[in-house]
Amino acid sequence: MAKWTVDASHSSIGFEVKHMMVSKVKGQFNSYTADVEAEDLTDLTTATIAFEIDTASIDTNSEDRDNHLKSEDFFNAETYPKIVFKSTDIAKKGDDYKITGDLTIKDVTKPVTFEVEYGGKGTNPWGVEVYGFEAEAKINREEYGLTWNAALETGGVLVGKDIKIKVELQLNPQA
């Protein structure tokens, strides 16, 4: 099995959630590691995939909101410094994939399935083959113990339950 490295300058792990029932807050995690092993990235069914995301690296373009998300109301980053994903099953669907794995947030582990689009492969200016993928999944944050919310005077709540996780990856052979 070959090992692959995430090119952080061409990759992102982001999310979006409804805010005040009318708009979306988007954010990302700026620090993460990945272990990707595969015979061939043109067939991910041979792969094993694991991610560790630093919860304290959350970035929503608002320092106050980021600090709240790091607090005990949400991620409790001091006690639970990592979000972890480990693949358990990878199924091919045309050129795309369904990658199922165990997602751990705080002390809760649940299965989640990512819809993964293979973006293709290319050769960078230094002659290295690179591969691109986009993945998306939806989770209910309350199932992971992220239950803080506030009722709005106009009805509804401040923060939606459903979180869309969006991952864009460029993978390079590990040097």
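Points to keep in mind about this one:
- Residue selected from region 105-115 under the condition surrounded by 14 or more Cβ atoms within 10 Å (Cβ to Cβ) and of a type in the set (A, V, I, L, M, F, W, C), by the criterion nearest to the chain's Cα centre (by Cα): F114
- Among the candidates D59, D43, D102, D35, residue that is touching a strand residue (DSSP E or B) at 6+ places or on another chain (Cβ under 8 Å), free of Cβ contacts under 8 Å to residues at least 24 places away in the same chain, among the acidic types (D, E) and open to solvent by 40 Å² or more (accessible area, probe 1.4 Å): D102
- Failed criterion for M21 (all others in (1) under 30 Å from T154 (Cα atoms); (2) part of a strand (DSSP E or B); (3) in contact (Cβ under 8 Å) with a residue 60 or more places away in the chain hold): (2)
- Scanning region 112-160 for residues that are free of Cβ contacts under 8 Å to residues at least 12 places away in the same chain and among the hydrophobic types (A, V, I, L, M, F, W, C) gives W126, A150, A151.
- Condition met for T88 (β-branched (V, I, T) and in contact with a Pro (Cβ under 9 Å, 6 or more places away or on another chain)): yes
- One residue alone among D89, D59, D73 is more than 19 Å from T33 (Cα to Cα) and at pLDDT 95 or above, and that residue is D89.
- Any chance Y118 is at pLDDT 95 or above, open to solvent by 40 Å² or more (accessible area, probe 1.4 Å) and of a type in the set (F, W, Y): no
- Odd one out for V25, checked against (1) of a type outside the set (D, E, K, R); (2) crowded, with 16+ Cβ neighbours inside 10 Å; (3) modelled with pLDDT of 95 or more; (4) over 15 Å from F133 (Cβ atoms): (3)
- Count of region 36-76 residues, restricted to those that are under 23 Å from K26 (Cβ atoms), assigned to a strand (DSSP E or B) and of a type in the set (A, V, I, L, M, F, W, C), is 3.
- Qualifying residue in region 138-150 (condition: within 24 Å of T60 (Cα to Cα), modelled with pLDDT of 95 or more, surrounded by 12 or more Cβ atoms within 10 Å (Cβ to Cβ) and among the basic types (K, R)): yes
The values are calculated or read from the model by the stated rules, or taken from the named source; none is laboratory data. Model, not experiment: these values are computed from the prediction. As a convention, Cβ positions derive from the backbone with ideal geometry for all residues, glycine included, and neighbour counts pool all protein chains shown. With ligands, DNA and RNA removed, areas are computed over all heavy atoms of the protein, side chains included. Shrake-Rupley method; radii C 1.70, N 1.55, O 1.52, S 1.80 Å.
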